[in-house]
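Here the structure is laid out as structure tokens; the discussion comes afterwards.
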Amino acid sequence: MLRAVNVGGNNKIKMEELRLLFDSIGLQQASTYIQSGNIVFTSKEKDPNKLAAKIEAAIEKGFGFRPNVILRSSFHFDEVLRRNPFAARSEVAPNKLLVTFLASDPGDDARHKVGEIKVAPEEMFVDGCELFTYYPNGSGKSKIPMTLIERTLGTPGTARNWNTVEKLSEMAKALIEA
């Protein structure tokens, strides 16, 4: 997942060009979902930090800016779906639940500090390398201080709504099965 791509007219990348770029650096079966930097692919590289740096450098060379690249495996997406802290609550609509995928593990101290930040009526839970946020009135009306939250966590992240998380998981599974 690419952070801050095609948002507000900035850092524009056409998804076809992104797929071609991934092919050019040896990543296989690249497939995108919507226009916000969601791409599923296979790679022989096993080190996610090395792979993210390779993708970031290629995007910078090809498009003139360097977005954060947050990688998750198919297995990890399954884990995120399983760990949804709102799963048992029928009032939580998928379009009002965001998962922020963090670039690295923030650590227990940072998770605890974020848990103490007042965000009502929204609800937040940090679990592992993901921040789950429920926006009962929609994220556009939220007063959550995301800059403070990211600074407290000490690592950048990129958010996707629950529908997108489910779709990316589905795409990753299909790629493995193919």
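The values are calculated or read from the model by the stated rules, or taken from the named source; none is laboratory data. Not measured: the values here are computed from a predicted model. Counting neighbours? That spans all protein chains shown, and the Cβs are built from the backbone with ideal geometry, glycine included.
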When the range 72-107 is checked residue by residue, the ones that are of a type in the set (D, E, K, R) and assigned to a loop (DSSP other than H, G, I, E, B) are Arg72, Arg83, Arg89, Glu91, Asp105
If I go through the range 24-60 residue by residue, how many of them are aromatic (Phe, Trp, Tyr) and at pLDDT below 95?
1
Residue in the range 144-160 that is within 16 Å of Glu79 (Cβ to Cβ), within 12 Å of the chain's Cα centre (by Cα) and crowded, with 16+ Cβ neighbours inside 10 Å present:
yes
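What's the total number of residues in the range 54-78 that are without any contact (Cβ under 8 Å) to a residue 12 or more places away in the chain and either surrounded by 13 or more Cβ atoms within 10 Å (Cβ to Cβ) or closer than 19 Å to Ser104 by Cα (or both)? Break it down stepwise before answering.
Of the residues in the range 54-78, the ones without any contact (Cβ under 8 Å) to a residue 12 or more places away in the chain are 57, 60-61, 64, 66, 75-76.
Still in the running and either surrounded by 13 or more Cβ atoms within 10 Å (Cβ to Cβ) or closer than 19 Å to Ser104 by Cα (or both): 57, 66, 75-76.
Final tally of qualifying residues: 4.
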All positions within the range 18-53 that are at positive phi and either exposed (fewer than 13 other Cβ atoms within 10 Å of the Cβ) or not in a strand (DSSP E or B) (or both)
Gly26, Ile34, Gly37
